[in-house]
Structure formats: C-alpha cells, structure tokens
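Structure first, then comments.
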Amino acid sequence: MKFPLPILILLFCISGTLSAMQADTIRLGESFNAQPLNYGAVFCEISPELGLEQVRQKKEGWQAFKPGNRMQADKTLWLHFFVQNTGKENNLVFLRNWKDNLVNYYFIRKNETIVKRAGQMSGYPEASELEFIDFYKFPLNKQEIAEVFIEIPPDKGLFDWLRICPLKPATGLIFLGQHAGLQTTLVRYYTLNIKEVQIRNIYQGALILLLLASLFFVLKLPQDRVYRYYFFYVACGLGYSLIQSRGYTYVGQVILQFPYIKKFGGELVFWLGMSSYFLFAGQILDFKDNSPHLYKNLRKISGALVVFGLIQFAYLCLSLDFSYADFMFYNKVPVILFYIWLLFFIARNTKGILTKYILAGNILLLIFGTVAWSKASFSDAAHPWPGILNHLFTLPFAVVLEIIVFTFALAIRLRLELQKKLAFERQMVENEMLALRSQMNPHFVFNSLNSIRNLMIKDEKDEAINYLSNFSQLVRKILQQTQHKTIALQEEMNFIDLYIQVEKKRLNNDIAFDIWIDPKLELEEIRFPPMLLQPFVENAIWHGLHPSRKSMKELKIRVIQHNESHLEIAIADNGIGRARAESQQEASAKNSLSTQISHKRLELFNSSSNSQISMEIEDLADQAGTVVHFHYRFED
C-alpha cells in the first residue's frame, strides 16, 4: 500500500514530535565532563501550585529542551530526564545552575528520592563547600539509572503586587557531569578566580585597617563630623566588597546565608556610600562656611539618597522584581551627573591642598571605575582580559584607591587643624601673659608715684624732676615691652639697670649695685620674656635690703653662660633673707603675689616656646640674703 508524500511527511513530523516528548537517558561514561543540559531533557511549564507527584503523572505538554526555548515567566519550569552510570564503578553525578534564583533538584533512584534546594535565593541551609558555588552531587551506582526532575519556580515575592516590571522567565541553564568531570571543572573554576580572591583579600584588609583607624578618630574626636562621614564611606566600600566575595571563601559563605543581602545589598550600599561621600566632601572642604547654600543642599540630597536606597532595597526584597534589578544602573544616572557637576564645582570654586586630594581621589575612582565597568561589559570567562588586569580592575579596587587618597587628605586636614589649634592656644597664652604683665605694672607705678610725692613734700624739686624723668623713661619702656612676647635680653638688662637707678634714689643711694655679664654672650641675639626679672629685683630691694641694718647693702646680678644652650641669671642680695621678710604680713602678701604671677608667666612661656626657663630661690646661710637663679635653656 502506497502513501502519498504529504502523509509520509506528516507522519515523520508526528513521530519526531512524539519522540521529542519522551525524556532521554543521558549516559555518563568515564570521560563525561560538565556539559549543558541541552537536547538531553524535556520540559514543561505548569502552574506553580503543582508539586512533584502531579508532574510525574503528567503525560502531555512536554517539549524538547534546547537553547532558544521561549519560557513563560509566570509558570514553573520543570525539566525531566534520565541519567545512567555506564562506568565500571560507582560514581557521583553533579548538577549546577548559577543563573536562576531558586532551583529544586529531585534525584530519584530505586525507591529513594534525594531533594536538593539550590539557587541564589535559597539561603543555602546546611550547604557543603561545593554547594556554596552551586555544585550539587548525587550518588549513582554502576549501570544504575536514575530519574531526575528539576523545578524552577517563578520569582514571586512576598508582596508580588508591588512589582513594577514583568516577571523574568527561568533560564534553565543546567550543567550535568560526573565526578571526574567535576574535578576538571573545579580546577578550571578555582584557577580562574583564585587570583581575584587574593587581590580582593588585599584591598579588603586595607579597608578593614582604614575602617579601624577611622573608628579611632570617630571615638577620639566625636564632635568632628568629617571622621564620622569618612567612617561610613569606608564601611560602605568594605561592605560592597564583602558582598561580592566568592562562595568558596568564608566571607562569601556567610553572605550567602543572607540571600537578600547578597542579591540586593550592593545597591543599598551604593546609595548609602554616595550619601556618605557627599557629606564627607562637604565637611572636609568646609562648604558650611565657604558655600553654605551648597552645603545645605548636599545634606538634603544625602538624606534623599539614604531614603531612596532603603525604599528600593525594601521594594526588591518584598517584590523580587529582578527585571527592575537589571535596569537599576539607569536610576543612578542623575546622581552620577550631580557627582560630576560637584567635581567641576570643587575644581573651580574651592582652593587649597585638600581640594587637590579630593579631586585626585575622584579622578582615580572615575578612571578605574570606568575600566572596571568596561571589563564587566565587554569581557567574559571565555574572553578574559590578559593577566592580572582581569582580576585587578574592579569597582572595589577603584574605591580603595580613592579612599587611600582621602586618608592622606584627612591626615593633612588633621595637621592643619592641629596647627590652627596650636596657633589659637599660643594666642591665648600670649594674651594671658600680657594680662599677667599688666597686673605687675600698677604695683610698680604706684610705688614710684608715691616716691615722687614724698620728694615733693620734702620740697626736693630738683630730685623730684630728675626722678620723674627717669620714671617717665621706665613707664615708656614698660608700655613698649608689655606689647611683646619676648625682647632682647640686652633690653631687659637695660631696663633693670634703669629701674635700679630709680629705686636707689628713693633709698638715698644706700645700695651698692653691680651687673656682670659673661663677655662670651651676645645679649642682643637672645630672646627673653620682658619684665620677668623686675619683680625679683624689686623684692630684693624692698623686702631684703631696705629693712636691713647692714652698713653695706649689696645687690648683684650675674649673667653666666654654662654652654651654648644654657645660661644662668642670678639675682643676689645680702638682705634680711626670706624668713624674716615673710614675718612681715603685708610684705609677705605682696611678695607672694608677685612670685605666683612670675611662676604662672614661666609656665605659660615654657608651654608656648621651644626654649625653657626654670627658677629656684636659694636662702643663704645665717640669713645672709637670698639668691634667685634663672636657668635659661634656649633653642639652638
């Protein structure tokens, strides 16, 4: 019986379709390596509510699984095939799918069903090290045949009605292999990624050190916000790097336990990092004072970025809108444009060394970030970049370079702030020293005016005029010297000489006065606090020599050089000594006040100068007088 040609063609197509609807048996020989599961399985797409038992009973609707199959996004993809171990020994079968978010493997052998839950959103409960990188193993004895079902449900979130974009269909990209092939695949996998992991560990370690250093400054200087913003920025850079860790590393295995963080955490960290960066830039460049309007807007924008990042993260977690996740690059365009505008604004409107560091860090980020994006967009595992370039150029690496430059900027800012603080403190010290010197002037002026009054009462007009002339010179010198932090030691000695001449006239010239200066000294080159010696000379005259009953009252001042950086000034009198002088209550009070002021002046001078002055008072034996020693160790 002959059949027409059209009928023969129709029967051939029907028979081909019927055979395609039957699951094949994939035979794993000893040389069977990892291969994609194409043309070796049949698939069907059914309601997500149906489970394994309903699918096993399903006889219709199965189609040949091959590349280019158009999947229905709202249906569960089921794959079905048989696998046979044709080797001479018991073996292991492995399956791998790293593309789909949730995959359930059902490996049926004899009366045993082995179930494995895989996929990026599975959470990897009690996973082995291989399962952390999506390799799932199943035992298969020699010549044994197992039936395999693979379930890939649609990506539906807890609040699926929130979804903006349509569902993404499952890829069904499954690789199948036997144990020997697994070893070959793993060697290739580890070889490809181990250099990247090593490099990533280096800059993760650098980020951890920078984070700890910034935390120290946050705790040490809590009032300075720049360190707080820098800390958050470094934390975001570290967080982004950790989220990208490979699954066979310890950090990567921990991150995989939190699939929502692994899948969407990088986006959240990006927005938080940009917010921290804008606040950091505004603070370190002092926009609050230099550009208050921009600073106010930066704070608003930073707050908006935090809110947007949190809302987007919550949306993705609740809706599992992976189609939206694929287009998240485009919602970064406005903030990237603002970021570039901000760099141009900084370059044009802010000056100083910190601006150069901020611009340098951002230029490095832009260059290496662009290279990393190019690598990710235009290369793949089959066509990697040459050598270390394939692993070195990543976005976290670009962030590390930028953060290191920012660290130098912070160090310079800290130095500038310290210099500013020291300058302020020195100014405060000088003001306090000026106030202390001013406290000493009224006491001396009052005594001198009292002496002039006594001369006028005694009708000693010529002496009074002469005394008044010397006194006016002293007052002029006092007014001049009080305005300076230091003067030449020669000026101080000239002032002391003039002061003693005035005081000798008040005491009827009954004091023998002598100044001796080491001839090796050049007093004009030595800086000395003004009017530091005068209170002690005054004490020697009025509280040591004046009450004395000795016929020869002596006051000697010696300036002695001990070495190149140490000189001594000694003020010696042969008066009644401190013990008897302190017994006079009024004199003791005045003496104590002037001594306290002088000690305070020395303390302030030593704290604000590299030179140091120390003072000690020596009581001579048998109340034979007093010697005040000033040891001046000055800077070379």
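Listed residues Asn441, Asn447, Asn466, Asn494; which is modelled with pLDDT under 75, over 18 Å from Arg601 (Cβ atoms) and polar (S, T, N, Q)?
Going through Asn441, Asn447, Asn466, Asn494 in turn, just one is modelled with pLDDT under 75, over 18 Å from Arg601 (Cβ atoms) and polar (S, T, N, Q): Asn447.
Give the residue that is farthest from His546 (Cα to Cα), with candidates limited to residues of segment 598-636 that are in a helix (DSSP H, G or I) and touching a strand residue (DSSP E or B) at 6+ places or on another chain (Cβ under 7 Å).
By that ranking, first place goes to Asn606.
I need a count of the residues in segment 501-538 that are closer than 29 Å to Glu564 by Cβ and assigned to a loop (DSSP other than H, G, I, E, B).
Summing the residues that are closer than 29 Å to Glu564 by Cβ and assigned to a loop (DSSP other than H, G, I, E, B) in segment 501-538 gives 11.
Filter segment 512-538 down to the residues that are under 16 Å from Val627 (Cα atoms) and open to solvent by less than 30 Å² (accessible area, probe 1.4 Å), then identify the one that is nearest to the chain's Cα centre (by Cα).
Ranking the qualifying residues of segment 512-538, first place goes to Leu532.
Looking only at segment 612-635, count every residue that is over 11 Å from Gly577 (Cβ atoms) and out of contact with any helix residue (DSSP H, G or I) (no Cβ under 8 Å at 6 or more places or on another chain) and tell me the total.
Total meeting the criteria: 8.
Please state which one of Leu455, Leu436 is hydrophobic (A, V, I, L, M, F, W, C), open to solvent by less than 50 Å² (accessible area, probe 1.4 Å), over 17 Å from Pro529 (Cα atoms) and at pLDDT below 75.
Among Leu455, Leu436, only Leu455 is hydrophobic (A, V, I, L, M, F, W, C), open to solvent by less than 50 Å² (accessible area, probe 1.4 Å), over 17 Å from Pro529 (Cα atoms) and at pLDDT below 75.
Could you list, in sequence order, the residues of segment 104-128 that are aliphatic (A, V, I, L, M) and out of contact with any Pro (no Cβ under 9 Å at 6 or more places or on another chain)?
Ile108, Val115, Ala118, Ala127
Assess whether Val187 counts as being under 41 Å from the mean Cα position of the chain (by Cα) and open to solvent by 70 Å² or more (accessible area, probe 1.4 Å).
Judged against the criteria, Val187 is a match.
In segment 445-500, what count of residues is obtained for those that are farther than 30 Å from Asp518 by Cα, charged (D, E, K, R) and in a helix (DSSP H, G or I)?
4
Among (1) assigned to a helix (DSSP H, G or I); (2) open to solvent by less than 40 Å² (accessible area, probe 1.4 Å), where does Gly172 come up short?
Gly172 satisfies all of (1) assigned to a helix (DSSP H, G or I); (2) open to solvent by less than 40 Å² (accessible area, probe 1.4 Å) except (1).
Is there a residue in segment 505-514 that is in contact (Cβ under 8 Å) with a residue 24 or more places away in the chain, in contact with a strand residue (DSSP E or B) (Cβ under 8 Å, 6 or more places away or on another chain) and within 28 Å of Leu604 (Cβ to Cβ)?
There is no residue in segment 505-514 that is in contact (Cβ under 8 Å) with a residue 24 or more places away in the chain, in contact with a strand residue (DSSP E or B) (Cβ under 8 Å, 6 or more places away or on another chain) and within 28 Å of Leu604 (Cβ to Cβ).
Looking at segment 246-274, I want the residues that are over 27 Å from Thr191 (Cα atoms) and at pLDDT 90 or above and have a partner that is charged (D, E, K, R) and outside any loop (DSSP other than H, G, I, E, B) with Cβ atoms under 8 Å, at least 6 apart or on another chain. Which pairs are those?
Phe270/Lys332
Would you confirm, using the coordinates I've provided, whether Ile541 is open to solvent by less than 10 Å² (accessible area, probe 1.4 Å) and in a strand (DSSP E or B)?
So Ile541 fails the test.
For residues that are among the polar types (S, T, N, Q), at pLDDT 90 or above and under 16 Å from Ala170 (Cα atoms), tally how many sit in segment 103-144.
1
The values are calculated or read from the model by the stated rules, or taken from the named source; none is laboratory data. All figures in this text were calculated on a predicted structure; none of them were measured in a lab. Here Cβ is always computed from backbone atoms with ideal geometry, including for glycine, and neighbour counts include all displayed protein chains. Ligands, DNA and RNA are stripped out before the accessible areas are found, and what is left, the full protein with its side chains, is counted by its heavy atoms. Shrake-Rupley method; radii C 1.70, N 1.55, O 1.52, S 1.80 Å.
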